[in-house]
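Read-outs throughout are calculated quantities, based only on the coordinates presented, and are distinct from any laboratory measurement. None of these values were measured; they are calculated from a predicted model. As a convention, Cβ positions derive from the backbone with ideal geometry for all residues, glycine included, and neighbour counts pool all protein chains shown.
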Amino acid sequence: MSKEKDIIIAGGGPAGLTAAMYASRAGMNTLVLEKAMTGGQLWMSEKIENYPGYAEGIESFNLAQNMEKQAKNFGAEIIKDEITDIKKDKEVLTLKTASSKKYRAPAVIVCSGVRMKKLDIPGESQLTGKGVSYCAVCDGPLFRDKDVAVIGGGNTACEEALYLTRFASKIYLIHRRGSLRAVRSITEKAEKNKKIRLFLNEEVKQIQGKERTEGLILKSGKKIDVEGVFIFIGYSPAAGWIENFVKTEKGFIITDTDFKSSQEGVFAAGDCRYGAFRQVVSACGEGAAAAENARKYVEKLKGTSYDW
Ligand SMILES: Cc1cc2nc3c(=O)[nH]c(=O)nc-3n(C[C@H](O)[C@H](O)[C@H](O)COP(=O)(O)OP(=O)(O)OC[C@H]3O[C@@H](n4cnc5c(N)ncnc54)[C@H](O)[C@@H]3O)c2cc1C
């Protein structure tokens, strides 16, 4: 079955939902395909303090819900499905999904964000969902009064370790360098917190456990008993399905200043875009601008050769 739209948005994070809002408000027949939950990485933080207009900050969950509601209010359709492939025939782009459906449109805005990098060590994939997690806000409450480890030393790792102090009894923050890389205010909070124990110049060699996570073996040979392991060692682009279709740099989509990719009709916005600032406010701004440029592209096609 094939479904025809004016603009399809790949990913329903802040960039995708804002693009959907702008496109549908401008009269475009707009579809968002989101493989998981709308809101994207907003699900990984608790509160956004630097989104304009919310002087006291806003709960990330509320921000995600508001964005979805606003996009739907203007008529955007949101379907839960994962895009697995993209093809082009003349002016028409066809997106194939994990549920074997096909969606067609002359313009696609890729807003597929980033995903957390994996350690690629024994035990990690087998124990994912069984104690190994990439989202403290999602899974932290499962580790009440338990010992956990956080792997990484940047802003996300430190913020997530601090968040986990609400639930876990002890948090081992394990970082391969000699000092944390987070901004000073966050580093200081992590260093001062009595529940957080720092392991610097250490790397994890193996995650142990059969049915559930039981512990870690470090490269130094030390063993740590933990029931949860939260991995925050950086991001990689989530756009594997589009990687060979448009020009990329390190997997991130290259665009011009109009958010056009190397492939006509394909636009990109937000964290998946090469050079993106990777903040909610910039993802939204890029989504809005990409939608406007996609609209102009579709209307030009409609006025000339394109007849849907
Ligand atoms: C822990 C943490 C804290 C943060 N704190 C802040 C903060 O305080 N302030 C701030 O401004 N920013 C913060 N950020 C960054 C901010 O969340 C991101 O910059 C923003 O979410 C990027 O939006 P996006 O829409 O580009 O991508 P994402 O939010 O990554 O959304 C991409 C969406 O695309 C979907 N998707 C991916 N591939 C497919 C596919 N094949 N098919 C269908 N759907 C797909 C994903 O499921 C996801 O929902 C934080 C991030 C993290 C991880």
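What does the net charge come to around GLU46 if you take all other residues with beta carbon closer than 15 Å to its beta carbon, with K and R at +1 and D and E at -1? So the environment of GLU46 carries a net charge of -3. Relative to the current alpha-carbon distance between ALA98 and ALA36, full extension at 0.36 nm per residue lengthens the span by 21.1 nm. Using every pair of distinct Cα positions in segment 124-231, the Kirkwood expression returns a hydrodynamic radius of 13.4 angstrom. Computed from Cα atoms alone, the Kirkwood hydrodynamic radius reported for segment 51-104 is 13.9 Å.
The modelled label-to-label distance between LYS302 and GLU191, using points 7 Å beyond Cα along the C-beta direction, is 5.8 nm. By the Cβ distance rule (another cysteine Cβ under 4.7 Å), the unpaired cysteines of the chain are CYS111, CYS158, CYS272, CYS284.
Approximating the spin labels as points 7 Å out from Cα along Cα→Cβ, the LYS146-to-GLU203 distance works out to 2.7 nm.
A simple charge model with +1 on the Cβ of Lys and Arg, -1 on the Cβ of Asp and Glu and nothing else charged puts the dipole of segment 124-231 at about 300 debye relative to its Cα centre.
When both segment 20-56 and segment 164-182 are represented by their alpha-carbon centers, they are found 30 Å apart. Along the axis of the charge dipole computed for the chain (Cβ charges of +1 for Lys and Arg, -1 for Asp and Glu, origin at the Cα centre), the listed residues LEU198, GLN65, PRO52 are led at the positive end by LEU198.
Assuming charge only on the beta carbon of Lys and Arg (+1) and of Asp and Glu (-1), the dipole of the chain about its Cα centre is about 540 debye to the nearest 20.
Looking at SER262, GLN41, LEU180, which one has the Cα that reaches farthest to the positive end of the dipole of the chain (charges on Cβ: Lys, Arg +1; Asp, Glu -1)? Among SER262, GLN41, LEU180, the one farthest towards the positive end of the dipole of the chain is LEU180. Were the residues from GLN126 through TYR274 laid out at 0.36 nm apart, the gain over their Cα-Cα distance would be 50.1 nm. Between amide H atoms placed 1.01 Å from N, distances below 5 Å from GLU202 occur with HIS175, ARG176, ARG177, all of them 5 or more places distant or on a separate chain. Tilt of helix 280-303 relative to the longest C-alpha principal axis of the chain, in degrees (0 to 90, nearest 10)? Result, in degrees: 20.
Once all Cα-Cα distances of the chain are split into 10 Å bins that start at 0, what whole-number percent is in each one? All Cα pairs, binned at 10 Å, distribute as 6, 26, 29, 21, 13, 4, 0 percent.
Our helix-only sum for the chain, with -39,500 (n - 2.57) per DSSP H run of n ≥ 4 divided by its residues, gives a mean residue ellipticity at 222 nm of -7500 deg cm²/dmol. Dividing the radius of gyration of the alpha carbons in segment 190-308 by their Kirkwood radius gives 1.22 for Rg/Rh. Normalised by the number of residues in the chain, the average gap of Cα pairs under 8 Å and 6 or more apart makes the relative contact order 21 percent.
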